[in-house]
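All remarks here apply to the structure that follows.
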Amino acid sequence: MKLLVSLSAAQTVLLAALGLKVFSIDMQIDDLSAGATPHAAQAERQSDPAALSWETARAPSVSVEDMRLVIREELAALDATPRNQASTPAQPARPQPSPEQVKHAVSAIDRDISLFRSRGAINEAEMATLQSKIAKLPLAERRAALSTLTKAMSKGEIDGWM
Amino acid sequence: MKMKHKIIATGVAAAFMSTAAIAGFKQPAPVDVDLVNRFAQGDMVSAQQAKDDVTFIGCGIRKIDTGAGIVSTGFCQAGDADEEQFTCFTQDPELLAATASTADFSFITFAWNEDGECTRIGFSTQSFYLTDKMVK
């Protein structure tokens, strides 16, 4: 009989201890879910930077600065990936004509314009060809050639249209 | 007989009403090329309907792939009834963008410097440049 009473008492004590433990765990869960204030979150961020993205993802009041930080981190991660580096090959350098080549091209265009001037006209196909030649010149020489051509057209020396 | 008069009167009234519907302010702008002050202007409808075979006005762009990139050259050209004409060119990005904004039947105005480069390109697309024939 004494044994039964002892066992019953021990069971009661163990049940009480278990109940207290469950209550304690419940309290901790409540604290975690309801007690995560901005200050607490800030403190956690300061103490544990790794928790930042988790906090910003679940917190209902995410600040603009937090969002910017996350976006910056994500963009930095994207830039750092080898796939991204491989998908943007370096642009090949544009071939630049040598001064001799430019001089030769300018002379050829001047001869063409002189020919059209002596003939008094330029047809559409010839104009297209001439403009293609002019387009390949560097900017300064291109402007000079276009100036010569349009002036000759405007004076009526070359009958034609751009 | 009275019925016939009514029909005729209704037809005449309808004709006048349709004329009134296409009436409105009109301001044709014949092409004028001023070589002294270096500008030209005029609307495309007036140029196209000029009573001569020398009047014209227009602007355009040529984009050429040179193998080392795309080179864009814009131009405007006009000739008037006095047989004065001018063609200007531009490679300025802003003026090229302006050239691309042209529309059918626009009024066009452009100016140039001593090198023949365009210094102003403008368009205006408005109802008063259209003719009655175009909207009938």
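Worth a mention:
- Number of partner chain Cβ atoms within 10 Å, mean per residue of B:60-70: 4
- Local net charge near A:GLN101, Cβ-Cβ under 12 Å (Lys/Arg +1, Asp/Glu -1): 0
- Reducing the range A:116-130 and the range B:65-136 to their Cα centroids gives an inter-centroid distance of 21 Å.
- Relative packing of peptides A:139-147, A:121-129, A:13-21 - highest average C-beta neighbours within 10 Å first: A:139-147, A:121-129, A:13-21
Laboratory data are not the source of any read-out in this text; all were calculated from the coordinates shown. All values reported here derive from a predicted model rather than from experimental measurement. Every residue, glycine among them, receives a Cβ derived from its backbone with ideal geometry; neighbour counts consider all protein chains shown.
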